[in-house]
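Starting off with a structure, shown below.
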Amino acid sequence: MIDYSDVSILVVDDEQFILDSLTGFLEDYDFQVFRAESAEEALELLKERTYNVAIIDLRLPGMSGDLL
């Protein structure tokens, strides 16, 4: 099996079920997963580190995901 443990992924979604499901799926493959429930929260996380991949819901309340 391929080792994905050094790949970091930021998942941004305001729907808890989707956030939990996607995060759980990615963690099952040993990705480093970071989560945010809003675009604003994602921006704060982006100040702290960089990510290899970001999966972002485009329809977020407040700030749209396409502005990230």
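The values are calculated or read from the model by the stated rules, or taken from the named source; none is laboratory data. What you are looking at is a predicted structure, and each value in this text was computed from that prediction instead of being measured. No Cβ is skipped: glycine too gets one built from the backbone with ideal geometry, and neighbour counts run over all protein chains shown. Just so you know, the surface numbers come from the protein's heavy atoms only, side chains and all, with ligands and any DNA or RNA stripped out. Shrake-Rupley method; radii C 1.70, N 1.55, O 1.52, S 1.80 Å.
Using only Cα atoms, tell me the angle between helix 16-28 and the longest principal axis of the chain; keep it within 0 to 90° and round to the nearest 10.
Approximately 20 degrees, to the nearest ten.
Heavy atoms only, 1.4 Å probe, whole protein assembly: order 11, 33 by accessible area, highest first.
Values: 11 0, 33 25 Å².
Sorted by accessible area, descending: 33, 11.
Calculate, for the chain, the solvent-accessible area per residue in square angstrom, rolling a 1.4 angstrom probe over the heavy atoms of the protein chains.
Working: 4540 Å² over 68 residues.
Computed with neighbouring chains in place, this is 67 Å² per residue.
Given the DSSP H assignment, sum -39500 (n - 2.57) over each helix run of at least 4 residues in the chain and divide by its residue total; what's the result at 222 nm in deg cm²/dmol, nearest 500?
Details: 2 runs with 23 residues, N = 68.
Rounded to the nearest 500, the figure is -10500 deg cm²/dmol.
Could I ask something else about it? Using 7 Å Cα-to-Cβ label points, what is the residue 2/residue 44 separation (nm, one decimal)?
If labels sit at residue 2 and residue 44, their model points lie 3.3 nm apart.
Oh, and also: State which stretch of the chain is the longest one without any exposed chymotrypsin sites (Phe, Trp or Tyr not before Pro), exposure meaning a DSSP loop state and at most 15 other Cβ atoms within 10 Å.
On the way: sites that count: 4, 29.
Counting only loop sites that pass the neighbour cut-off, the longest clear stretch is 30-68.
Just going by the charge dipole of the chain, with Lys and Arg at +1 and Asp and Glu at -1 on Cβ, which of 12, 25, 46 is farthest out on the positive end?
The one lying farthest along the dipole's positive direction is 46.
Ignoring any ligand, DNA or RNA, what whole percent of the accessible area of the chain comes from carbon and sulfur when the probe is 1.4 angstrom? Kindly include the intermediate steps, with their values, before the conclusion.
Values: 2430 of 4540 Å².
Carbon and sulfur together cover 53 percent of it.
How would you classify the chain from its alpha-carbon gyration tensor, with a ≥ b ≥ c the square roots of the eigenvalues: rounded for a/c under 1.5, else prolate if a/b is greater than b/c, otherwise oblate? Can you show the working numbers first?
Values: a/c = 2.59, a/b = 1.53, b/c = 1.70.
Oblate, because a/c is 1.5 or more while a/b does not exceed b/c.
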